[in-house]
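Q: Submitted below is the structure of interest, expressed as structure tokens.
The values are calculated or read from the model by the stated rules, or taken from the named source; none is laboratory data. Keep in mind the model is a prediction, meaning the values are calculated, not measured. Glycine gets a Cβ as well: all are built from the backbone with ideal geometry, and neighbour counts include every protein chain shown. Accessible surface is based on the protein model in full, side chains and every heavy atom, while ligands, DNA and RNA are left aside. Shrake-Rupley method; radii C 1.70, N 1.55, O 1.52, S 1.80 Å.
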Amino acid sequence: MKRTMFAVIAVLMVLSLVLTGCQQEEETLKIGILVPLSGEVKTFGESTRNGAMLAFEAAIADGLDIEIVVADSKCDAQEGANAANKLIFEDGVSMILGPVCSGAAIPVSEIAQANDVLMLTATATNPSVTINEDGSNKDMIFRACFLDPFQGTVVAKLAIDDLGAQTCAILYDMGDDYVKGLAEYIQSSFTDLGGEVLVYEAYTSTDTDFSAILGKVAAADPDVIFIPDYYDKVNLIAAQLVEKGIEKPLIGCDGWDSAELNTELISEGYFSNHYSPADERAIVQDFIANYEAAYGTQPDALATLGYDAANMLIQAIKEADSTDATAIRDALAAEEFEGVSGNITFDANGDPIKSAAVVQIQDGVISFYKFVAP
Ligand code: PHE
């Protein structure tokens, strides 16, 4: 009798040891969503998070063992780095979806790479997000969007070919990696295509009075004005252009994509973007319907890219069938993904090659203009 009891206890002890062992191995995979939820461009973070959560919640309901932690990067290098350190060292995430802004994504990519954390930014378009200064690849870092040299060419070509521009002004924030990079790409594309850059003027992120720069623009009288900045700055500059009576087509890039862009200030404008609700593919129309049912608004490009990026991670986790970030990285790198924002396969740097959707603003009204293939 005693013997059997000992045997039973022993078996139970071994069983519980095995079970706890298994449990440790199958620890829930933690994923950080790192996006700007406060500050000047918080619509970027809200949209990206909403799009990503639509995908993650569906996967969790489907039985995928993941936990999501959301953090605020504020579209800022230091805030982004602090939040990434907290996600990695306090919350124990092994993957990060984000940051949105290149200025935050570049420093966070370095932290992620150094700590074997997989990072997939849905939206950061500056080349330095995925490559080191010496040109080598950051092998834990990927993105779901096209890059700035491409969108710089798209808008420069649009100005020359579609609007017949021969001259331009380019205004840019010299302290922002995304804006400064884009200004350079637009400048070189516009010049290569035979155009002349009459005004190339920098401001700083805290500037609110642009009268000196706009005085130079008025004097030079360019055919178009490029403002490759985020929507909050575009609103400020566009208001002062109206005040000064400068009426030229305004051209920007994906940073204009916000419900808070003050389109009423823009009589003629264009910007490059990552998706259009006018895209008739079923995958796009189904996503729009699902998103509207969940949030009551039409998804913007950030929501769409957030959704695509989350689904790419989900697919990689399932394919790897492991919680190991390096195994998931290998699965992600090999993915052929059909996204709402277009098909995504990565090149050797972890960058996809994708089309741009150009958006037009006419007397304050936004509409789809055209797709541009790479
Ligand atoms: N591309 C921007 C950046 O790199 C972020 C962005 C993407 C903003 C899409 C709006 C829409 O900083």
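Q: Report the extension gain between K318 and K86 in nm, rounded to one decimal, defined as 0.36 nm multiplied by the number of residues separating them, less their alpha carbon distance.
A: 80.9 nm
Q: Taking the dipole about the Cα centre of the chain, with the C-beta of Lys and Arg at +1 and of Asp and Glu at -1, give me whichever of Y307, C101, A259 is farthest to the positive side.
A: Farthest towards the positive pole: Y307.
Q: Name the long-range amide H neighbours of G175: under 5 Å, sequence gap of 5 or more, or other chain; modelled H, no Pro or chain starts.
A: Those qualifying (amide H under 5 Å, at least 5 residues apart or on another chain) are S205.
Q: Something else now. In the range 171-262, what trypsin sites (Lys or Arg not before Pro) fall in a loop by DSSP, with at most 15 other Cβ atoms inside 10 Å?
A: Those satisfying the criteria are K244.
Q: Starting from the Cα of E243, step 7 Å toward the Cβ, then list every residue of the range 265-296 with an amide N under 17 Å from that point.
A: 265-266
Q: Here's a follow-up. For the range 25-128, what does the accessible surface come to per residue with a 1.4 Å probe? Please give it in Å².
A: Numbers: 3770 Å² over 104 residues.
Normalised by residue count, the accessible surface of the range 25-128 is 36 Å².
Q: Hey, another quick one. When N counts the residues of the range 231-286, how does its alpha-carbon radius of gyration compare numerically with 2.2 N^0.38 Å, as a ratio?
A: Rounded to two decimals, the normalised Rg is 1.35.
Q: Quick one: compute a quarter of the convex hull surface over the Cα atoms of the range 24-159 and quote it in nm². Provide the component values of the computation, followed by the final result.
A: On the way: hull surface 38.3 nm².
For the range 24-159, the mean projected area of the Cα convex hull comes to 9.6 nm².
Q: Still on this model: May I ask for the Rg/Rh ratio of the range 231-374, computed from Cα atoms with Rh as the Kirkwood radius, given to two decimals? Please report the intermediate quantities before stating the final value.
A: Working: Rg = 18.1 Å, Rh = 17.0 Å.
Taking Rh as the inverse mean 1/r over Cα pairs, Rg/Rh reads 1.06.
Q: Are there GluC sites (Glu not before Pro) in the range 86-139 that DSSP puts in a loop and that have at most 14 other Cβ atoms within 10 Å, and which ones?
A: Those that pass, being in a loop and sparsely packed, are E90, E133.
Q: Starting from the alpha-carbon convex hull of the range 168-307, give the projected area averaged over all orientations, in nm². Could the numbers behind the result be given before it?
A: On the way: hull surface 37.9 nm².
About 9.5 nm², averaged over all directions.
Q: Rank these residues by their accessible area, most exposed first, probe 1.4 Å: T123, T345. Don't skip to the end; give the middle numbers.
A: On the way: T123 10, T345 70 Å².
Descending accessible area places them as T345, T123.
Q: Rounded to the nearest 500 deg cm²/dmol, what is the calculated helix-only ellipticity per residue at 222 nm for the chain, with -39500 (n - 2.57) per DSSP H run of length n ≥ 4?
A: For the chain, the value works out to -14000 deg cm²/dmol.
Q: Can I ask one more? When the Kirkwood radius is taken over all Cα pairs of the chain, what Stokes-Einstein diffusion coefficient follows at 37 °C and 0.692 mPa s, in µm²/s?
A: Once the numbers are plugged in, D ends up at 151 µm²/s.
Q: Here is a follow-up. Per 5 Å bin, what is the whole-percent P(r) computed from every C-alpha pair distance within the range 175-238?
A: Going out from 0 Å in 5 Å bins, the range 175-238 shows 3, 15, 28, 27, 20, 7, 1 percent.
Q: Any chance you could run the full-extension gain for L193 through S38? It's 0.36 nm times the residue separation minus the Cα-Cα distance, nm to one decimal.
A: Full-extension gain reported as 51.9 nm.
Q: Same structure, new question: Relative to the Cα centre, what is the charge dipole magnitude of the chain, using +1 at the beta carbon of each Lys and Arg, -1 at the beta carbon of each Asp and Glu, and rounding to the nearest 20 debye?
A: Using only the charged Cβ atoms, the result is roughly 740 debye.
Q: With all protein chains present, calculate the accessible area of D330 using a 1.4 Å probe and round the result to the nearest 10 Å².
A: So the heavy atoms of D330 present about 80 Å² to solvent.
Q: With θ set to phi - 60°, apply the Karplus curve 6.51 cos²θ - 1.76 cosθ + 1.60 along the range 263-273 and write out the HN-Hα couplings as whole Hz, x wherever there is a Gly or Pro.
A: Here the 3J(HN,Hα) series is 5, 4, 7, 10, 7, 9, x, 9, 8, 7, 8 Hz.
Q: Which helices of the chain meet both criteria: a Cα extent of 27 Å or more along the helical axis and a mean Kyte-Doolittle score no lower than 0.5, with helices taken as whole DSSP H segments?
A: Length and hydropathy pass: 2-25, 301-320.
Q: While we're here: Got a number for carbon plus sulfur as a percent of the chain's accessible area, 1.4 Å probe?
A: 50 percent
Q: Something else: If R0 is 56 Å, what FRET efficiency do you get for D330 and V365 from their C-beta distance, rounded to 0.05?
A: 0.75
Q: To continue, here is another question. Which whole-number percentage describes the relative contact order of the chain, with Cα contacts under 8 Å and a sequence gap of 6 or more?
A: 17 percent
Q: Please compute the per residue accessible area over the range 329-374 with all protein chains in place, 1.4 Å probe, rounded to a whole number of Å². Show your work: numbers first, answer last.
A: Values: 2210 Å² over 46 residues.
Result: 48 Å² of accessible area for each residue.
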